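Input: a single structure, listed below in C-alpha coordinates.
The values are calculated or read from the model by the stated rules, or taken from the named source; none is laboratory data. Owing to the predicted nature of the structure, the values given are computational and were not obtained by experimental measurement. All Cβ positions, glycine included, derive from the backbone under ideal geometry; neighbour counts span all protein chains shown. What goes into the accessible areas is simple: the full protein's heavy atoms, side chains included, and nothing from ligands, DNA or RNA. Shrake-Rupley method; radii C 1.70, N 1.55, O 1.52, S 1.80 Å.
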Amino acid sequence: MLAKAPRGTRDILPGEVEKWLALENIFRNLCEKFNYREIRTPIFEHTELFSRSVGEDTDIVGKEMYTFSDKGKRSLTLRPEGTASTVRAFLEHKMYAQAQPTRLFYFGPMFRYDRPQAGRYRQFHQLGAEAFGSASPEMDAEMITLAMDFFHGAGLKQLSLEINSVGCPQCRPAYREEIRKTLEQNRIDLCPDCQSRFDTNPLRILDCKEEGCREINLQAPEIFDHLCSYCVQHFEDVLYYLKLLDISCRVNSKLVRGLDYYTNTAFEIVDTGLGSQNSLGGGGRYDGLVETCGGSPTPGVGFAIGVERVLLSLEQQNIQLEFEEEPRIFVATLGPKASTRGLQLVMELRRRGIAAEKDYLDRSLKAQMKQADRVGASRVLILGEEELEKGRVVLRDMVKGDQKEVELEIIIDMLSNVH
RNA sequence: GUGAGUGUAGCUCAGGUGGUUAGAGCACCAGAUUGUGGCUCUGGGGGCCGUGGGUUCGAGUCCCAUCACUCACCCCA
(Lines give C-alpha, C1' and ligand atoms only; values in the text may rest on other atoms or scores of the structure.)
Protein backbone atom coordinates (compact mmCIF):
# COMPACT_ATOMS: atom_id res chain seq x y z
CA MET A 1 0.00 0.00 0.00
CA LEU A 2 2.89 2.31 0.75
CA ALA A 3 4.20 2.12 -2.76
CA LYS A 4 0.91 2.48 -4.52
CA ALA A 5 -0.89 5.60 -5.64
CA PRO A 6 -4.50 5.77 -4.39
CA ARG A 7 -7.21 4.35 -6.57
CA GLY A 8 -8.10 6.53 -9.51
CA THR A 9 -4.91 8.56 -9.29
CA ARG A 10 -1.71 8.11 -11.20
CA ASP A 11 1.75 9.50 -11.70
CA ILE A 12 2.60 11.39 -14.82
CA LEU A 13 6.09 10.18 -15.53
CA PRO A 14 9.00 11.71 -17.42
CA GLY A 15 8.36 11.03 -21.07
CA GLU A 16 4.68 11.71 -20.60
CA VAL A 17 5.00 15.03 -18.85
CA GLU A 18 6.31 16.48 -22.11
CA LYS A 19 2.93 15.85 -23.72
CA TRP A 20 1.17 17.62 -20.88
CA LEU A 21 3.46 20.59 -21.25
CA ALA A 22 2.81 20.64 -24.98
CA LEU A 23 -0.95 20.72 -24.43
CA GLU A 24 -0.65 23.39 -21.77
CA ASN A 25 1.44 25.49 -24.12
CA ILE A 26 -1.03 25.14 -26.95
CA PHE A 27 -3.82 26.23 -24.64
CA ARG A 28 -1.88 29.08 -23.06
CA ASN A 29 -0.82 30.51 -26.40
CA LEU A 30 -4.32 30.25 -27.72
CA CYS A 31 -5.83 31.93 -24.67
CA GLU A 32 -3.35 34.73 -25.01
CA LYS A 33 -4.55 35.36 -28.56
CA PHE A 34 -8.12 35.42 -27.32
CA ASN A 35 -7.12 37.76 -24.52
CA TYR A 36 -7.97 35.36 -21.70
CA ARG A 37 -5.84 35.58 -18.57
CA GLU A 38 -4.82 32.73 -16.33
CA ILE A 39 -6.27 32.30 -12.87
CA ARG A 40 -5.16 29.81 -10.25
CA THR A 41 -7.68 29.08 -7.55
CA PRO A 42 -7.36 26.78 -4.51
CA ILE A 43 -7.76 23.09 -4.99
CA PHE A 44 -10.39 22.97 -2.25
CA GLU A 45 -13.25 25.29 -1.41
CA HIS A 46 -16.07 25.52 1.07
CA THR A 47 -18.37 22.62 0.34
CA GLU A 48 -21.30 24.97 0.10
CA LEU A 49 -19.82 26.68 -2.95
CA PHE A 50 -20.17 23.50 -4.96
CA SER A 51 -23.43 22.24 -3.54
CA ARG A 52 -25.06 25.59 -4.21
CA SER A 53 -23.63 26.29 -7.65
CA VAL A 54 -23.36 22.84 -9.20
CA GLY A 55 -26.70 21.85 -7.71
CA GLU A 56 -27.80 19.64 -4.81
CA ASP A 57 -29.50 17.15 -7.08
CA THR A 58 -26.59 16.54 -9.43
CA ASP A 59 -24.55 13.34 -9.39
CA ILE A 60 -21.45 15.38 -8.70
CA VAL A 61 -22.77 16.82 -5.45
CA GLY A 62 -24.87 13.80 -4.57
CA LYS A 63 -22.20 11.11 -4.71
CA GLU A 64 -18.93 12.22 -6.23
CA MET A 65 -17.45 14.87 -3.99
CA TYR A 66 -14.34 14.50 -1.89
CA THR A 67 -15.64 16.27 1.19
CA PHE A 68 -13.81 16.49 4.51
CA SER A 69 -13.81 18.68 7.54
CA ASP A 70 -10.62 20.37 8.70
CA LYS A 71 -9.46 20.82 12.25
CA GLY A 72 -11.55 23.95 12.55
CA LYS A 73 -14.66 21.89 11.72
CA ARG A 74 -15.11 23.60 8.36
CA SER A 75 -16.62 21.46 5.65
CA LEU A 76 -14.32 21.60 2.66
CA THR A 77 -14.40 19.85 -0.70
CA LEU A 78 -11.74 19.07 -3.29
CA ARG A 79 -12.99 20.87 -6.35
CA PRO A 80 -14.94 18.62 -8.73
CA GLU A 81 -14.93 21.27 -11.48
CA GLY A 82 -13.49 24.69 -12.15
CA THR A 83 -16.34 27.07 -12.81
CA ALA A 84 -17.57 27.51 -9.24
CA SER A 85 -14.14 28.52 -7.96
CA THR A 86 -13.68 30.95 -10.82
CA VAL A 87 -17.02 32.58 -10.08
CA ARG A 88 -16.11 32.80 -6.43
CA ALA A 89 -12.80 34.46 -7.24
CA PHE A 90 -14.53 36.81 -9.69
CA LEU A 91 -16.76 37.98 -6.88
CA GLU A 92 -14.22 37.93 -4.08
CA HIS A 93 -11.81 40.14 -6.01
CA LYS A 94 -14.54 42.33 -7.43
CA MET A 95 -13.43 41.75 -10.98
CA TYR A 96 -16.81 43.01 -12.12
CA ALA A 97 -15.55 46.49 -11.22
CA GLN A 98 -12.90 46.23 -13.90
CA ALA A 99 -13.22 46.41 -17.66
CA GLN A 100 -15.85 43.93 -18.80
CA PRO A 101 -16.08 41.27 -19.99
CA THR A 102 -13.70 39.38 -17.71
CA ARG A 103 -11.96 36.60 -19.60
CA LEU A 104 -10.22 33.91 -17.55
CA PHE A 105 -8.66 30.52 -18.15
CA TYR A 106 -7.34 27.84 -15.84
CA PHE A 107 -5.56 24.54 -15.77
CA GLY A 108 -5.41 22.04 -12.97
CA PRO A 109 -6.53 18.90 -11.17
CA MET A 110 -10.17 18.18 -10.35
CA PHE A 111 -11.50 15.43 -8.07
CA ARG A 112 -14.52 13.19 -8.28
CA TYR A 113 -15.18 10.00 -6.37
CA ASP A 114 -16.19 7.56 -9.09
CA ARG A 115 -15.24 4.08 -10.24
CA PRO A 116 -12.19 4.49 -12.48
CA GLN A 117 -12.30 3.22 -16.03
CA ALA A 118 -10.83 4.08 -19.39
CA GLY A 119 -10.56 7.86 -19.54
CA ARG A 120 -11.92 8.36 -16.06
CA TYR A 121 -9.93 9.07 -12.94
CA ARG A 122 -10.61 10.31 -9.45
CA GLN A 123 -8.02 12.96 -9.88
CA PHE A 124 -8.18 14.24 -13.42
CA HIS A 125 -7.15 17.46 -15.09
CA GLN A 126 -9.09 20.09 -16.87
CA LEU A 127 -8.20 23.12 -18.83
CA GLY A 128 -11.01 25.57 -19.12
CA ALA A 129 -12.09 29.13 -19.71
CA GLU A 130 -14.80 31.42 -18.40
CA ALA A 131 -16.04 34.81 -19.54
CA PHE A 132 -18.18 37.05 -17.34
CA GLY A 133 -20.17 40.12 -18.16
CA SER A 134 -21.57 39.50 -21.60
CA ALA A 135 -24.83 37.80 -22.50
CA SER A 136 -24.14 38.24 -26.18
CA PRO A 137 -24.34 35.15 -28.37
CA GLU A 138 -21.08 36.39 -29.83
CA MET A 139 -19.49 35.51 -26.53
CA ASP A 140 -20.94 32.00 -26.69
CA ALA A 141 -19.52 31.66 -30.18
CA GLU A 142 -16.13 32.95 -29.07
CA MET A 143 -16.02 30.46 -26.21
CA ILE A 144 -16.90 27.52 -28.41
CA THR A 145 -14.38 28.67 -31.00
CA LEU A 146 -11.68 28.81 -28.36
CA ALA A 147 -12.41 25.23 -27.35
CA MET A 148 -12.50 23.98 -30.92
CA ASP A 149 -9.34 25.86 -31.88
CA PHE A 150 -7.60 24.14 -29.00
CA PHE A 151 -8.60 20.70 -30.26
CA HIS A 152 -7.47 21.56 -33.75
CA GLY A 153 -4.26 23.04 -32.40
CA ALA A 154 -3.57 19.76 -30.64
CA GLY A 155 -4.12 17.96 -33.96
CA LEU A 156 -7.39 16.26 -33.12
CA LYS A 157 -9.84 15.50 -35.86
CA GLN A 158 -13.11 13.61 -36.11
CA LEU A 159 -14.65 15.52 -33.25
CA SER A 160 -18.33 16.20 -33.01
CA LEU A 161 -19.61 19.39 -31.46
CA GLU A 162 -23.09 18.98 -30.06
CA ILE A 163 -25.08 21.98 -29.02
CA ASN A 164 -28.42 22.72 -27.44
CA SER A 165 -30.33 25.37 -25.59
CA VAL A 166 -31.62 24.46 -22.15
CA GLY A 167 -33.70 27.63 -21.79
CA CYS A 168 -33.71 30.13 -19.00
CA PRO A 169 -35.63 30.71 -15.73
CA GLN A 170 -38.34 32.39 -17.80
CA CYS A 171 -39.19 29.42 -19.96
CA ARG A 172 -37.68 26.37 -18.32
CA PRO A 173 -40.20 25.92 -15.48
CA ALA A 174 -43.04 25.75 -17.98
CA TYR A 175 -41.14 23.27 -20.12
CA ARG A 176 -40.32 21.23 -17.05
CA GLU A 177 -44.01 21.06 -16.22
CA GLU A 178 -44.76 20.12 -19.82
CA ILE A 179 -42.39 17.18 -19.57
CA ARG A 180 -43.98 16.06 -16.32
CA LYS A 181 -47.42 16.31 -17.83
CA THR A 182 -46.64 14.24 -20.91
CA LEU A 183 -44.58 11.61 -19.09
CA GLU A 184 -46.81 11.28 -16.07
CA GLN A 185 -48.75 8.26 -17.23
CA ASN A 186 -45.48 6.48 -18.12
CA ARG A 187 -43.80 7.41 -14.90
CA ILE A 188 -43.76 3.91 -13.44
CA ASP A 189 -42.06 2.59 -16.58
CA LEU A 190 -39.08 4.91 -16.21
CA CYS A 191 -35.83 3.63 -14.72
CA PRO A 192 -35.40 4.22 -10.97
CA ASP A 193 -33.02 7.13 -11.59
CA CYS A 194 -35.51 8.82 -13.86
CA GLN A 195 -38.31 8.26 -11.38
CA SER A 196 -36.51 10.53 -8.97
CA ARG A 197 -35.43 12.86 -11.76
CA PHE A 198 -39.11 13.27 -12.49
CA ASP A 199 -39.32 15.29 -9.32
CA THR A 200 -35.87 16.81 -9.10
CA ASN A 201 -34.86 17.56 -12.68
CA PRO A 202 -37.13 16.18 -15.41
CA LEU A 203 -34.88 17.61 -18.13
CA ARG A 204 -32.30 14.97 -17.27
CA ILE A 205 -34.78 12.25 -18.22
CA LEU A 206 -34.36 13.37 -21.80
CA ASP A 207 -30.78 12.24 -22.18
CA CYS A 208 -31.16 9.05 -20.15
CA LYS A 209 -29.48 6.14 -21.96
CA GLU A 210 -31.84 3.46 -20.66
CA GLU A 211 -33.67 1.76 -23.50
CA GLY A 212 -37.07 2.05 -21.87
CA CYS A 213 -36.62 5.70 -20.99
CA ARG A 214 -35.49 6.54 -24.50
CA GLU A 215 -38.61 5.04 -25.90
CA ILE A 216 -40.81 6.99 -23.53
CA ASN A 217 -38.82 10.11 -24.35
CA LEU A 218 -39.98 9.97 -27.95
CA GLN A 219 -43.25 11.47 -26.83
CA ALA A 220 -41.58 14.15 -24.72
CA PRO A 221 -42.11 17.69 -25.93
CA GLU A 222 -39.34 19.34 -27.95
CA ILE A 223 -37.53 22.01 -26.01
CA PHE A 224 -37.45 24.32 -29.00
CA ASP A 225 -41.25 24.52 -28.93
CA HIS A 226 -41.11 25.81 -25.39
CA LEU A 227 -38.23 28.29 -25.34
CA CYS A 228 -39.15 31.89 -24.79
CA SER A 229 -38.53 34.32 -27.61
CA TYR A 230 -35.30 35.57 -26.03
CA CYS A 231 -33.88 32.05 -25.79
CA VAL A 232 -34.92 31.15 -29.32
CA GLN A 233 -33.25 34.27 -30.66
CA HIS A 234 -30.13 33.71 -28.58
CA PHE A 235 -29.78 30.13 -29.73
CA GLU A 236 -30.31 31.01 -33.36
CA ASP A 237 -27.73 33.76 -33.09
CA VAL A 238 -25.17 31.41 -31.58
CA LEU A 239 -25.72 28.98 -34.41
CA TYR A 240 -25.43 31.82 -36.91
CA TYR A 241 -22.13 33.03 -35.48
CA LEU A 242 -20.72 29.54 -35.34
CA LYS A 243 -21.48 29.10 -39.00
CA LEU A 244 -19.95 32.49 -39.70
CA LEU A 245 -16.78 31.37 -37.88
CA ASP A 246 -16.63 28.04 -39.71
CA ILE A 247 -17.39 25.94 -36.65
CA SER A 248 -19.61 23.06 -37.65
CA CYS A 249 -21.90 21.63 -35.03
CA ARG A 250 -24.84 19.31 -34.58
CA VAL A 251 -27.93 20.46 -32.75
CA ASN A 252 -28.92 17.86 -30.19
CA SER A 253 -32.17 18.74 -28.48
CA LYS A 254 -31.65 15.95 -25.95
CA LEU A 255 -28.34 17.29 -24.68
CA VAL A 256 -28.68 18.22 -21.02
CA ARG A 257 -25.54 18.69 -19.04
CA GLY A 258 -25.06 17.28 -15.59
CA LEU A 259 -24.61 20.61 -13.87
CA ASP A 260 -27.61 22.64 -12.83
CA TYR A 261 -26.26 26.11 -13.53
CA TYR A 262 -26.52 26.11 -17.31
CA THR A 263 -28.90 28.45 -19.11
CA ASN A 264 -29.37 28.87 -22.84
CA THR A 265 -26.35 27.39 -24.56
CA ALA A 266 -25.07 23.96 -23.58
CA PHE A 267 -22.47 22.14 -25.64
CA GLU A 268 -20.28 19.10 -25.57
CA ILE A 269 -17.39 17.92 -27.72
CA VAL A 270 -17.19 14.17 -28.22
CA ASP A 271 -14.71 11.95 -29.99
CA THR A 272 -16.99 9.40 -31.56
CA GLY A 273 -14.23 6.82 -31.88
CA LEU A 274 -12.99 6.95 -28.33
CA GLY A 275 -14.93 4.40 -26.33
CA SER A 276 -17.21 4.71 -23.39
CA GLN A 277 -15.96 7.94 -21.88
CA ASN A 278 -15.89 9.85 -25.14
CA SER A 279 -16.68 13.35 -23.98
CA LEU A 280 -13.55 15.46 -24.37
CA GLY A 281 -15.06 18.62 -23.08
CA GLY A 282 -18.20 20.59 -22.53
CA GLY A 283 -19.60 23.83 -21.32
CA GLY A 284 -22.29 26.39 -21.69
CA ARG A 285 -23.82 29.60 -20.51
CA TYR A 286 -24.66 30.23 -16.88
CA ASP A 287 -26.36 33.57 -16.60
CA GLY A 288 -27.73 32.93 -13.11
CA LEU A 289 -24.65 31.48 -11.45
CA VAL A 290 -22.97 34.66 -10.29
CA GLU A 291 -26.18 35.72 -8.62
CA THR A 292 -26.54 32.30 -7.02
CA CYS A 293 -23.10 32.80 -5.51
CA GLY A 294 -24.11 36.10 -3.99
CA GLY A 295 -23.17 38.60 -6.69
CA SER A 296 -25.32 40.89 -8.71
CA PRO A 297 -26.81 39.36 -11.86
CA THR A 298 -23.92 38.79 -14.24
CA PRO A 299 -24.01 36.63 -17.36
CA GLY A 300 -21.26 34.09 -17.99
CA VAL A 301 -20.12 31.34 -20.35
CA GLY A 302 -17.43 28.75 -20.08
CA PHE A 303 -16.12 25.31 -20.89
CA ALA A 304 -13.80 22.66 -19.52
CA ILE A 305 -11.71 20.11 -21.39
CA GLY A 306 -10.41 16.85 -19.95
CA VAL A 307 -6.67 16.58 -20.46
CA GLU A 308 -6.49 12.82 -19.94
CA ARG A 309 -9.18 12.29 -22.55
CA VAL A 310 -7.47 14.55 -25.05
CA LEU A 311 -4.29 12.56 -24.52
CA LEU A 312 -6.23 9.32 -24.94
CA SER A 313 -7.81 10.55 -28.12
CA LEU A 314 -4.45 11.68 -29.51
CA GLU A 315 -2.96 8.30 -28.73
CA GLN A 316 -5.85 6.47 -30.29
CA GLN A 317 -5.63 8.55 -33.45
CA ASN A 318 -1.87 8.10 -33.45
CA ILE A 319 -1.12 11.80 -33.32
CA GLN A 320 2.24 12.88 -31.95
CA LEU A 321 2.50 16.14 -30.06
CA GLU A 322 5.56 18.12 -31.05
CA PHE A 323 8.24 18.94 -28.54
CA GLU A 324 11.93 19.53 -29.00
CA GLU A 325 14.52 17.45 -27.32
CA GLU A 326 17.55 19.35 -26.32
CA PRO A 327 20.86 18.05 -27.66
CA ARG A 328 22.91 16.80 -24.76
CA ILE A 329 26.59 16.47 -24.07
CA PHE A 330 28.01 13.64 -22.02
CA VAL A 331 31.37 14.04 -20.37
CA ALA A 332 33.15 10.72 -19.99
CA THR A 333 36.19 10.63 -17.77
CA LEU A 334 38.95 8.27 -16.76
CA GLY A 335 40.64 8.52 -13.43
CA PRO A 336 39.95 10.69 -10.40
CA LYS A 337 41.72 13.82 -11.65
CA ALA A 338 39.91 13.77 -14.95
CA SER A 339 36.65 13.12 -13.18
CA THR A 340 37.11 16.24 -11.06
CA ARG A 341 37.99 18.32 -14.11
CA GLY A 342 35.01 16.75 -15.87
CA LEU A 343 32.69 17.94 -13.14
CA GLN A 344 33.89 21.50 -13.71
CA LEU A 345 33.42 21.04 -17.43
CA VAL A 346 29.85 19.83 -17.03
CA MET A 347 28.91 22.75 -14.83
CA GLU A 348 30.51 25.26 -17.20
CA LEU A 349 28.53 23.81 -20.07
CA ARG A 350 25.30 23.94 -18.10
CA ARG A 351 25.92 27.53 -17.14
CA ARG A 352 26.40 28.33 -20.80
CA GLY A 353 22.97 26.88 -21.46
CA ILE A 354 24.09 23.55 -22.84
CA ALA A 355 22.52 20.39 -21.41
CA ALA A 356 25.30 18.20 -20.08
CA GLU A 357 25.98 15.39 -17.67
CA LYS A 358 28.68 13.05 -16.47
CA ASP A 359 29.00 9.75 -14.66
CA TYR A 360 28.91 9.73 -10.86
CA LEU A 361 28.96 5.97 -10.45
CA ASP A 362 32.65 5.42 -11.14
CA ARG A 363 31.85 3.38 -14.19
CA SER A 364 34.23 2.13 -16.87
CA LEU A 365 34.66 4.18 -20.01
CA LYS A 366 32.72 1.58 -21.92
CA ALA A 367 29.83 1.84 -19.50
CA GLN A 368 29.99 5.62 -19.68
CA MET A 369 29.78 5.49 -23.46
CA LYS A 370 26.80 3.20 -23.20
CA GLN A 371 25.16 5.57 -20.79
CA ALA A 372 25.88 8.50 -23.12
CA ASP A 373 24.14 6.62 -25.88
CA ARG A 374 21.17 5.89 -23.67
CA VAL A 375 20.59 9.44 -22.54
CA GLY A 376 20.65 10.47 -26.18
CA ALA A 377 23.86 12.50 -26.07
CA SER A 378 24.72 13.93 -29.46
CA ARG A 379 28.35 14.42 -28.47
CA VAL A 380 30.67 12.98 -25.86
CA LEU A 381 33.71 14.66 -24.37
CA ILE A 382 36.26 12.05 -23.38
CA LEU A 383 38.71 13.23 -20.78
CA GLY A 384 41.40 10.84 -19.51
CA GLU A 385 44.65 11.39 -17.64
CA GLU A 386 46.48 11.50 -20.98
CA GLU A 387 44.30 14.23 -22.39
CA LEU A 388 44.41 16.12 -19.15
CA GLU A 389 48.22 16.23 -19.27
CA LYS A 390 48.14 17.51 -22.84
CA GLY A 391 45.45 20.02 -21.98
CA ARG A 392 43.22 18.49 -24.60
CA VAL A 393 39.94 16.59 -24.75
CA VAL A 394 38.42 14.15 -27.23
CA LEU A 395 35.22 15.34 -28.86
CA ARG A 396 33.21 12.45 -30.20
CA ASP A 397 30.22 12.82 -32.48
CA MET A 398 27.82 10.06 -31.47
CA VAL A 399 25.80 10.23 -34.64
CA LYS A 400 28.64 10.16 -37.16
CA GLY A 401 30.82 8.03 -34.95
CA ASP A 402 34.00 10.05 -35.51
CA GLN A 403 36.10 11.97 -33.02
CA LYS A 404 38.91 14.50 -32.79
CA GLU A 405 41.12 16.08 -30.17
CA VAL A 406 40.44 19.67 -29.16
CA GLU A 407 42.19 22.12 -26.86
CA LEU A 408 40.57 21.90 -23.46
CA GLU A 409 40.64 25.69 -23.23
CA ILE A 410 38.51 26.33 -26.25
CA ILE A 411 36.09 23.41 -26.01
CA ILE A 412 33.41 25.33 -24.10
CA ASP A 413 33.40 28.23 -26.55
CA MET A 414 33.41 25.82 -29.45
CA LEU A 415 30.38 23.95 -28.19
CA SER A 416 28.60 27.18 -27.27
CA ASN A 417 28.85 28.29 -30.87
CA VAL A 418 27.60 25.02 -32.25
CA HIS A 419 24.53 24.96 -30.02
C1' G B 1 -23.09 1.92 -6.08
C1' U B 2 -23.77 -2.63 -9.88
C1' G B 3 -21.64 -6.34 -13.29
C1' A B 4 -17.69 -9.03 -15.94
C1' G B 5 -12.52 -10.23 -16.67
C1' U B 6 -7.47 -10.42 -14.87
C1' G B 7 -3.44 -10.73 -10.83
C1' U B 8 3.64 -15.30 -11.95
C1' A B 9 10.85 -11.16 -12.44
C1' G B 10 11.34 -3.86 -13.80
C1' C B 11 8.11 -4.90 -18.65
C1' U B 12 5.37 -8.62 -22.00
C1' C B 13 4.02 -13.34 -20.97
C1' A B 14 4.86 -19.33 -20.62
C1' G B 15 3.93 -22.66 -16.68
C1' G B 16 -2.27 -29.53 -20.17
C1' U B 17 -6.00 -32.84 -15.94
C1' G B 18 -2.05 -30.34 -8.37
C1' G B 19 4.09 -33.55 -7.91
C1' U B 20 11.18 -32.05 -6.76
C1' U B 21 15.63 -26.24 -6.83
C1' A B 22 9.20 -21.55 -11.10
C1' G B 23 10.87 -20.44 -16.94
C1' A B 24 11.49 -17.36 -21.72
C1' G B 25 12.04 -12.74 -24.38
C1' C B 26 13.08 -7.68 -23.48
C1' A B 27 15.37 -4.54 -19.76
C1' C B 28 19.43 -4.19 -16.04
C1' C B 29 24.78 -5.35 -14.49
C1' A B 30 29.56 -7.53 -15.87
C1' G B 31 32.89 -9.70 -19.42
C1' A B 32 34.55 -10.92 -24.81
C1' U B 33 42.02 -5.92 -25.95
C1' U B 34 45.09 -2.61 -20.16
C1' G B 35 40.76 3.82 -22.52
C1' U B 36 35.36 4.15 -26.59
C1' G B 37 28.17 3.62 -27.46
C1' G B 38 24.61 1.19 -31.09
C1' C B 39 25.18 -5.07 -33.56
C1' U B 40 26.65 -9.97 -31.79
C1' C B 41 28.25 -13.66 -28.10
C1' U B 42 29.00 -15.34 -22.86
C1' G B 43 27.87 -14.96 -17.84
C1' G B 44 25.25 -12.69 -13.64
C1' G B 45 21.68 -10.37 -10.29
C1' G B 46 16.79 -10.36 -9.61
C1' G B 47 10.17 -13.79 -8.05
C1' C B 48 6.35 -13.93 0.14
C1' C B 49 3.50 -16.91 -8.14
C1' G B 50 -1.55 -9.95 -5.15
C1' U B 51 -2.94 -11.11 0.23
C1' G B 52 -5.36 -14.34 3.92
C1' G B 53 -7.62 -18.85 4.83
C1' G B 54 -9.17 -23.89 3.26
C1' U B 55 -8.81 -28.93 0.66
C1' U B 56 -4.47 -32.28 0.13
C1' C B 57 1.05 -36.37 1.85
C1' G B 58 1.92 -32.17 -1.54
C1' A B 59 -1.07 -25.82 -4.24
C1' G B 60 1.64 -21.03 -9.05
C1' U B 61 -2.18 -24.78 -10.40
C1' C B 62 -8.38 -26.58 -6.94
C1' C B 63 -12.16 -23.93 -3.37
C1' C B 64 -13.57 -19.52 -0.37
C1' A B 65 -12.69 -14.64 1.12
C1' U B 66 -10.21 -10.15 0.47
C1' C B 67 -7.50 -6.40 -2.04
C1' A B 68 -5.83 -4.32 -6.51
C1' C B 69 -6.03 -3.53 -11.68
C1' U B 70 -8.87 -3.48 -16.30
C1' C B 71 -13.38 -2.93 -18.92
C1' A B 72 -18.52 -1.86 -18.91
C1' C B 73 -23.20 0.27 -16.49
C1' C B 74 -24.45 4.94 -14.08
C1' C B 75 -22.48 9.74 -14.78
C1' C B 76 -19.17 12.84 -16.70
C1' A B 77 -13.87 15.45 -18.23
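Per residue, how many Å² of accessible area does chain A show with a 1.4 Å probe? The partial results should precede the final answer.
On the way: 21850 Å² over 419 residues.
Per residue, chain A has 52 Å² of solvent-accessible surface.
So if each residue of separation counts as 0.36 nm, and I subtract the Cα-Cα distance between A:Glu24 and A:Phe224, what length gain in nm does that give?
68.2 nm
Report the label-to-label distance for A:Arg351 and A:Glu386 in nanometres (one decimal), using points 7 Å from each Cα along the Cα→Cβ vector.
A separation of 3.1 nm, rounded to one decimal place.
Suppose R0 equals 25 Å; then what is the FRET efficiency for A:Glu38 and A:Ser248 from their Cβ-Cβ distance, rounded to the nearest 0.05?
The computed FRET efficiency comes out at 0.30.
Given axes a ≥ b ≥ c from the Cα gyration tensor, I'd like to know whether the range A:328-418 is rounded (a/c under 1.5), prolate (a/b larger than b/c) or oblate.
Rounded shape, in that the Cα axes give a/c under 1.5.
Need one number: % antiparallel among DSSP beta bridges in the range A:1-127, to the nearest 5.
Numbers: 13 of 15 bridges.
About 85 percent, rounded to the nearest 5.
With every protein chain in place, what's the accessible area of A:Ile39 (1.4 Å probe, Å², nearest 10)?
Accessible area of A:Ile39: about 30 Å².
Considering only protein heavy atoms and a 1.4 Å probe, what is the carbon-and-sulfur percentage of the accessible area of chain A?
On the way: 10670 of 21850 Å².
That share works out to 49 percent.
Please state the shape class of the range A:117-211: rounded when a/c is under 1.5, otherwise prolate if a/b exceeds b/c and oblate if not, all from the C-alpha gyration tensor.
Verdict is oblate for the range A:117-211.
With springs only between Cα atoms under 10 Å, which of A:Gln371, A:Gln117, A:Gln98 fluctuates most in a Gaussian network model of chain A?
A:Gln371
How much accessible area does A:Arg176 have with a 1.4 Å probe, in Å² rounded to the nearest 10?
70 Å²
Can you work out the Karplus-derived ³J(HN,Hα) for every residue in the range A:229-234? Use 6.51 cos²θ - 1.76 cosθ + 1.60 with θ = phi - 60°, whole Hz, and x for glycine or proline.
4, 4, 5, 4, 4, 4
Based on the alpha-carbon gyration tensor of the range A:46-149 and its eigenvalue square roots a ≥ b ≥ c, which shape applies: rounded if a/c is under 1.5, prolate if not and a/b is larger than b/c, or oblate?
oblate
Using Cα atoms only, what is the angle between the long axis of helix A:172-183 and the major principal axis of chain A, expressed in degrees (0 to 90) to the nearest 10?
The angle comes out near 70 degrees.
If the limit is 27 Å between Cα atoms, which of A:Lys33/A:Lys157; A:Lys19/A:Lys254; A:Lys157/A:Lys254; A:Lys181/A:Lys209 go over it?
Numbers: A:Lys33/A:Lys157 22 Å; A:Lys19/A:Lys254 35 Å; A:Lys157/A:Lys254 24 Å; A:Lys181/A:Lys209 21 Å.
Beyond 27 Å: A:Lys19/A:Lys254.
Using a simple spin-label model with points 7 Å from Cα along the Cα→Cβ vector, what separation in nm is obtained for A:Arg363 and A:Ala97?
Distance between the two pseudo-spin positions: 6.1 nm.
Work out from phi, with θ = phi - 60° and the Karplus expression 6.51 cos²θ - 1.76 cosθ + 1.60, the ³J(HN,Hα) of each residue of the range A:347-355, listed in order in whole Hz, and give x for Gly and Pro.
Per residue, the Karplus-derived 3J(HN,Hα) values read 5, 4, 4, 4, 5, 8, x, 10, 5 Hz.
Share of antiparallel DSSP beta bridges in chain A, in percent to the nearest 5?
80 percent
For A:Glu138 and A:Lys400, FRET efficiency with R0 = 56 Å and r from the beta-carbon atoms, rounded to 0.05?
E(calc), rounded to 0.05, equals 0.45.
Ordered by residue, what ³J(HN,Hα) values in Hz, to whole numbers, does the range A:116-133 give under the Karplus form 6.51 cos²θ - 1.76 cosθ + 1.60, where θ = phi - 60° and Gly and Pro are x?
Working through the residues one at a time gives x, 7, 3, x, 9, 10, 7, 10, 10, 10, 10, 10, x, 9, 9, 10, 10, x Hz.
Can you tell me the dipole magnitude for the range A:328-418 around its Cα centre, using point charges on the Cβ only (Lys, Arg +1; Asp, Glu -1), in Debye to the nearest 20?
Using only the charged Cβ atoms, the result is roughly 360 debye.
Have a look at A:Gln368, A:Cys231, A:Val380 and report the one farthest towards the positive end of the charge dipole of chain A, computed about the Cα centre with Cβ charges (Lys/Arg +1, Asp/Glu -1).
Most positive-ward Cα: A:Gln368.
Quick one: helix A:307-316 against the long Cα principal axis of chain A, what's the angle to the nearest 10°, folded into 0 to 90?
70 degrees
Compute the separation of the alpha-carbon centres of the range A:37-100 and the range A:162-188 and state it in Å as a whole number.
28 Å
How far is helix A:137-154 tilted off the main Cα axis of chain A, in degrees rounded to 10, range 0 to 90?
Helix A:137-154 sits at roughly 30 degrees to that axis.
With label points built 7 Å along Cα→Cβ from the Cα atoms of A:Ala3 and A:Asp70, find their separation and express it in nm.
Reported label-point gap for A:Ala3 and A:Asp70 is 3.5 nm.
Can you give the % of DSSP beta bridges in the range A:328-418 that are antiparallel, to the nearest 5?
Counting DSSP beta bridges with both partners in the range A:328-418, the antiparallel share is about 45 percent.
Within 10 Å, count the other beta carbons around each residue, average over each peptide in A:132-145, A:78-91, A:287-300, and list them highest first.
A:78-91, A:132-145, A:287-300
Amide H to amide H under 5 Å from A:Leu76: which residues, 5+ apart in sequence or cross-chain, H placed 1.01 Å off N in plane?
A:Thr47, A:Phe68, A:Ser69, A:Asp70
What 222 nm value per residue comes from the helices of chain A, counting each DSSP H run with n ≥ 4 as -39,500 (n - 2.57) and dividing by all residues, nearest 500 deg cm²/dmol?
-11000 deg cm²/dmol
Can you list the equivalent-ellipsoid semi-axes of chain A, largest first and in whole Å, using the square root of 5 times each Cα gyration tensor eigenvalue?
56, 22, 21
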